[in-house]
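The values are calculated or read from the model by the stated rules, or taken from the named source; none is laboratory data. What you are looking at is a predicted structure, and each value in this text was computed from that prediction instead of being measured. In this analysis, Cβ positions are derived from the backbone assuming ideal geometry, glycine residues included, and neighbour counts consider all displayed protein chains.
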Amino acid sequence: MPQPTYAIIAKNLKKSYGKNQVLNGISLKVERGTMLALLGPNGAGKTTTVRILSTLLNFDGGTVTIEGYDVAKEGDAVRAIIGLTGQSAAVDEMLTGRENLIMMGQLYHLSKADARQRAEELLKEFNLVDAASRPLKDYSGGMRRRLDLAVSMIATPPIIFLDEPTTGLDPRSRIAMWGSINRLKESGATILLTTQYLEEADQLADQIVVIDGGKVIAEGTAKELKSTVGKDRLEIIFDNKSAYAAAQEALGSRVLEKNDKDLAVTLMINDTNKDVRSALEILADAKIHFSTMSIHKPTLDDVFLSLTGKSKHDEETA
Ligand SMILES: Nc1ncnc2c1ncn2[C@@H]1O[C@H](COP(=O)(O)OP(=O)(O)OP(=O)(O)O)[C@@H](O)[C@H]1O
Ligand SMILES: [Mg+2]
């Protein structure tokens, strides 16, 4: 029988806590050997979805199969082929990083010798050799995330769930983590990653499913999602109010948005060369001096804004 193309298939998942329906019919599919990002703000239902997919949580409706195994009926078979890390991972605070890795390796049926060897490889890969003999309770947030990811890789399961692997990391550690996640993917694993970061989904994932309020609100590749919000924009910033006002007058209906605080106007552009040149000509003819000009491609943040009416950035700073 040919292998199914999709390693993970979830259909119409429903889950309530009391009267609070937190998953409202989530469906998603992850092609084998690819990475899907489940993108959504706090409380969207990401962890709930991952816990259901990884057999840790019962659900009220819908179906999930992992490599053809029914999560509700064949939990043991599912658990044998998955690795889980992140907000719900199981590690022992009193054990050292090395001990945690060896313990998890043995749990995944590696021999003690194999578990030890694999642990040393992973400690190196995740730059944890110096911290290997310290108990986990003394680890920093970043070290913890790295150990978490290492733990999920100890037995190289073919399917890996990463629940917000980089939340709370500083930018440098985040980029290092992206490298590790990419290597995980290159090893052939099927990965479902949750994130609140548009940029992360953009950087890592083959496919993106955007959820909000327990529902899928959009899906596609980063490129497809970005194309739904349309064209490039030209932002022109002025260094004084009179130039800013004169520019709005001169550019007229070309102005899509203005920002009084930054003294910036944004124009929608259809044909980059033609539209940028004509905006420059209009400003030059009116003898208006601008300070900077830049072209913005639509970002996933724009997608989020157009889908939910709120920007991810607004939420973070709120
Ligand atoms: N055990 C629980 N009992 C009651 N409500 C819960 C429980 N777990 C989660 N919820 C609720 O379900 C909703 C979805 O939570 P979930 O943890 O799946 O969100 P999330 O997308 O992972 O958010 P975050 O980005 O903050 O991790 C939230 O409103 C949350 O309060
Ligand atoms: Mg969560």
Which residues, counting only those in the range 263-301, are farther than 20 Å from TYR244 by Cβ and free of Cβ contacts under 8 Å to residues at least 40 places away in the same chain?
ASN270, ASP271, ASN273, LYS274, ARG277
Among the listed residues MET268, MET293, which satisfies the condition of being surrounded by 12 or more Cβ atoms within 10 Å (Cβ to Cβ) and in contact with a Gly (Cβ under 8 Å, 6 or more places away or on another chain)?
MET268
Tally the residues that are within 11 Å of SER152 (Cα to Cα), among the small types (Gly, Ala, Ser) and modelled with pLDDT of 90 or more, restricting the search to the range 78-101.
0
Which of the following residues is more than 30 Å from GLY168 (Cβ to Cβ), crowded, with 16+ Cβ neighbours inside 10 Å and out of contact with any Gly (no Cβ under 8 Å at 6 or more places or on another chain): VAL255, VAL229, VAL209?
VAL255
Sort out which residues of the range 40-59 are more than 6 Å from ligand 1 (Cβ to nearest atom) and buried (at least 20 other Cβ atoms within 10 Å of the Cβ), and write them in order of number.
THR49, VAL50, ILE52, LEU53, SER54, THR55, PHE59
Out of everything in the range 172-222 that is in a loop (DSSP other than H, G, I, E, B) and not hydroxyl-bearing (Ser, Thr, Tyr), what residue ends up being nearest to ALA37 (Cα to Cα)?
ALA205
Would you be able to tell me the number of residues in the range 66-97 that are surrounded by 21 or more Cβ atoms within 10 Å (Cβ to Cβ) and either in contact (Cβ under 8 Å) with a residue 24 or more places away in the chain or not assigned by TED's automatic domain parsing to the domain that holds LEU147 (or both)?
8
In the set GLU257, GLU235, the lone residue that is of a type outside the set (Phe, Trp, Tyr), without any contact (Cβ under 8 Å) to a residue 40 or more places away in the chain and not assigned by TED's automatic domain parsing to the domain that holds LEU192 is GLU257
Can ASN100 be described as assigned to a loop (DSSP other than H, G, I, E, B), touching a residue at least 40 places away in the same chain (Cβ under 8 Å) and of a type outside the set (A, V, I, L, M)?
no
So in the range 294-318, with the set limited to residues that are of a type in the set (Asp, Glu) and modelled with pLDDT of 75 or more, which one is farthest from ASP232 (Cα to Cα)?
ASP301
Of all residues in the range 212-226, which are among the small types (Gly, Ala, Ser) and surrounded by fewer than 16 Cβ atoms within 10 Å (Cβ to Cβ)?
GLY213, GLY220
Those residues that are part of a loop (DSSP other than H, G, I, E, B) and within 16 Å of ligand 2 (Cβ to nearest atom), I need them from the range 124-171; list them, please.
GLU164, PRO165, THR166, THR167, GLY168, LEU169
Quick test for you: out of LEU110, LEU169, LEU149, LEU123, pick the one residue that is aliphatic (A, V, I, L, M), at pLDDT 85 or above and touching a helix residue (DSSP H, G or I) at 6+ places or on another chain (Cβ under 9 Å).
LEU123
Pairing a residue in the range 40-63 that is closer than 18 Å to VAL210 by Cβ with any residue that is of a type in the set (Phe, Trp, Tyr) and within 13 Å of ligand 2 (Cβ to nearest atom), where Cβ atoms lie under 8 Å and the two sit 6 or more apart in sequence or on different chains, gives VAL50/PHE161; LEU53/PHE161
